[in-house]
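As structure tokens, the structure follows; a few thoughts come after it.
The values are calculated or read from the model by the stated rules, or taken from the named source; none is laboratory data. This structure is a prediction, so every number in the text was calculated from the model and none was measured. Cβ placement follows ideal geometry from the backbone for every residue including glycine, while neighbour counts extend to all protein chains displayed.
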Amino acid sequence: MKVLYGLAIALIVLAAAAVAYAVSPRALEGVERPDPQRFDGATVAHGERLALIGNCAECHTAERGGAYAGGRPIPTPLGTIYSTNITPDPETGIGTWSQEAFRRAMYEGLDREGQHLYPAFPYHHFTKVMPEDVDALYAYLMTREPVRNEPPENELRFPFNLRPLLAGWKLLYLDNERFAGLPDADEKVNRGAYLVQGLGHCGGCHTPRNALQAEKEGEFLRGEVTENWYAPAIAGEVPAAVKWNEAQLTDYLAGRWVDEHGVALGAMAPVAHNLSRVPEEDVAAISAYIALLMEGDEAETDAEITGAVGELRNGDDIGAVIYAGACAICHEASPSPFAAGLPLAYSTSIRIPTPLNLVRIIEDGVKPPEGRPGRYMPGFAGALTDDQMVALATYLRGRFTGLEPWADVADVVARRMRSEPGSGAETAEAE
Ligand code: HEC
Ligand code: HEC
Ligand code: HEC
């Protein structure tokens, strides 16, 4: 609470400073909903590809809601923010927004009326996107089906519910600048950097944030918790057991299985699912850039780590007993391709600084995306007690990595058990 109070004061001071800088931004004129026929097919198709890379539908579609009609809850440490309706419905969506108003939202985080938008909408990445790409996104959204839907009010704690305070945040953290290009890199890597830093907003999940939810400079893609999943470091020294190469990254990001790394799960699954639907050259470009950021990583390059790393210390270890009885059947000798799990020595989930992903996966299991065949793992939430879960997670970390034991397994397990039961982490695996 003390921390929050301190934050509140800091924000108020910032806001005061910001008032001098930017007194209420102006509202922009509403327009008639543009005639969908006005936009040419090639621009709309280009916009669709960009919308997939930007994950727009993922955040702007509620469970069982219309596409892009908003209302999806986005949990943040400051409370819950609901995404808005970005279909061209004139009353509840952005049907009356001009192209100028849309550009301003993407670059300055303002709605048409001039209200500040929360950076849960990753506009601090979208500033990097070139205007022609932003206009193609506009064309794509304006040619979608209008859906009438009023998203719920945000549930943010005071003082974070005060939008004018965001002026202070922007003053500190928002650079309204387009992607400048990497001078020493080739065209493919440059394309990848443009997509990763801009529309793909990979840093939105993978970059550590400060108390005001701004991504820390100098720690680009070094690992962070987002929406109760830990997005591992994918730059510098990374936790993966086996060194990633560009081809493996391309397969993984396009939603395919990789023998040394498995398949995208949890919050990464929709990202990979969307990337599986864009031209492979974009995915390859992203991979080339990420592979470059991972250069210097010291992980083993070969795959000879299948066996136990640590010793099986104690035959009475409850964790060892559970692993042998409930997990090994699929993770060591898989009975069928759909039940085949990654040998756990390869799993990044036991090598990251938190047991969060591991505990979630064990509790909730893994299922293929709705209506598609794919790999399946049952959830063990009802089958294991808290103590057994702690023993199992501790055992897996000890047996398959040479890393320090986690200090907070019991806390994470207790916290998870009190939260809503999940419906299973989806995989992104493409058919
Ligand atoms: C990580 C989640 C997330 C992603 C990804 C995302 N948005 Fe949003 N967006 C939001 C949230 C949350 C808001 C509402 C913010 C607020 O209320 O202050 C928002 C607001 C907006 C708004 C302002 C609408 C209004 O009525 O005020 C526009 C326009 C928008 N998003 C477009 C996009 C586009 C285009 C993309 C893809 C390139 C995209 N968003 C991707 C979460 C997201
Ligand atoms: C919505 C949050 C989110 C976004 C956006 C996101 N990621 Fe991830 N990413 C995750 C999570 C969570 C994991 C861990 C998944 C797991 O344990 O299977 C992950 C895992 C990964 C991994 C595997 C790391 C490893 O060693 O196992 C790679 C590579 C990756 N992401 C790349 C990217 C790239 C590139 C982008 C941008 C195009 C991106 N991610 C955008 C959340 C995200
Ligand atoms: C019916 C087969 C099955 C059983 C039983 C099973 N799993 Fe899985 N598991 C899978 C499949 C399939 C996946 C998804 C593919 C993958 O990523 O490994 C998976 C994924 C995982 C992952 C994520 C691996 C990654 O990609 O990083 C972990 C961790 C995991 N399982 C742990 C366990 C543990 C611990 C147990 C025992 C309590 C267990 N599993 C039991 C089939 C199974």
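Annotations for the structure displayed:
- Per the conditions (1) within 13 Å of ligand 1 (Cβ to nearest atom); (2) farther than 22 Å from V196 by Cα; (3) touching a residue at least 60 places away in the same chain (Cβ under 8 Å), the sole criterion not satisfied by E29 is (1).
- Filter result (among the basic types (K, R) and in a loop (DSSP other than H, G, I, E, B)) within segment 80-131: R112, K128
- Flag for A57 being within 28 Å of P164 (Cβ to Cβ) and aliphatic (A, V, I, L, M): no
- Residues within segment 217-243 that are closer than 23 Å to R399 by Cα and acidic (D, E), tallied: 1
- Scope segment 259-269; condition surrounded by fewer than 20 Cβ atoms within 10 Å (Cβ to Cβ) and either at pLDDT 95 or above or in contact with a Ser or Thr (Cβ under 9 Å, 6 or more places away or on another chain) (or both); matching residues: H261, A267
- Any hit, segment 139-146, residues being without any contact (Cβ under 8 Å) to a residue 40 or more places away in the chain, out of contact with any strand residue (DSSP E or B) (no Cβ under 6 Å at 6 or more places or on another chain) and over 30 Å from V283 (Cβ atoms): no
- Unmet criterion (only one of (1) in contact with a strand residue (DSSP E or B) (Cβ under 8 Å, 6 or more places away or on another chain); (2) within 16 Å of ligand 2 (Cβ to nearest atom)) for N161: (2)
- Residue in segment 198-210 that is touching a Ser or Thr at 6+ places or on another chain (Cβ under 7 Å) and within 27 Å of P131 (Cα to Cα) present: yes
- Filter result (out of contact with any strand residue (DSSP E or B) (no Cβ under 8 Å at 6 or more places or on another chain), near ligand 2 (Cβ under 7 Å from one of its atoms) and more than 12 Å from M294 (Cα to Cα)) within segment 234-261: L253
- Only residues that are surrounded by 20 or more Cβ atoms within 10 Å (Cβ to Cβ) and either assigned to a loop (DSSP other than H, G, I, E, B) or assigned by TED's automatic domain parsing to the domain that holds E370 (or both) were counted in segment 56-65, giving 0.
- Residue satisfying condition, being modelled with pLDDT of 70 or more, away from ligand 1 (no atom under 16 Å from the Cβ) and either among the charged types (D, E, K, R) or in contact with a helix residue (DSSP H, G or I) (Cβ under 9 Å, 6 or more places away or on another chain) (or both), within set N357, N314: N357
- Flag for E91 being touching a residue at least 40 places away in the same chain (Cβ under 8 Å), within 16 Å of ligand 2 (Cβ to nearest atom) and outside the structural domain of E370 (by TED's automatic domain parsing): no
- Filter pass, E215 being in contact with a helix residue (DSSP H, G or I) (Cβ under 7 Å, 6 or more places away or on another chain), more than 16 Å from ligand 3 (Cβ to nearest atom) and free of Cβ contacts under 8 Å to residues at least 24 places away in the same chain: no
- Subset tally (residues that are under 21 Å from I362 (Cα atoms) and either under 17 Å from the mean Cα position of the chain (by Cα) or not in a loop (DSSP other than H, G, I, E, B) (or both)) for segment 256-277: 10
- Counting residues in segment 368-388 that are part of a helix (DSSP H, G or I), more than 9 Å from ligand 3 (Cβ to nearest atom), out of contact with any Phe, Trp or Tyr (no Cβ under 6 Å at 6 or more places or on another chain) and hydrophobic (A, V, I, L, M, F, W, C) gives zero.
- Positions within segment 52-88 being at positive phi and touching a residue at least 12 places away in the same chain (Cβ under 8 Å), in sequence order: N55, Y68, G70, G71, G79
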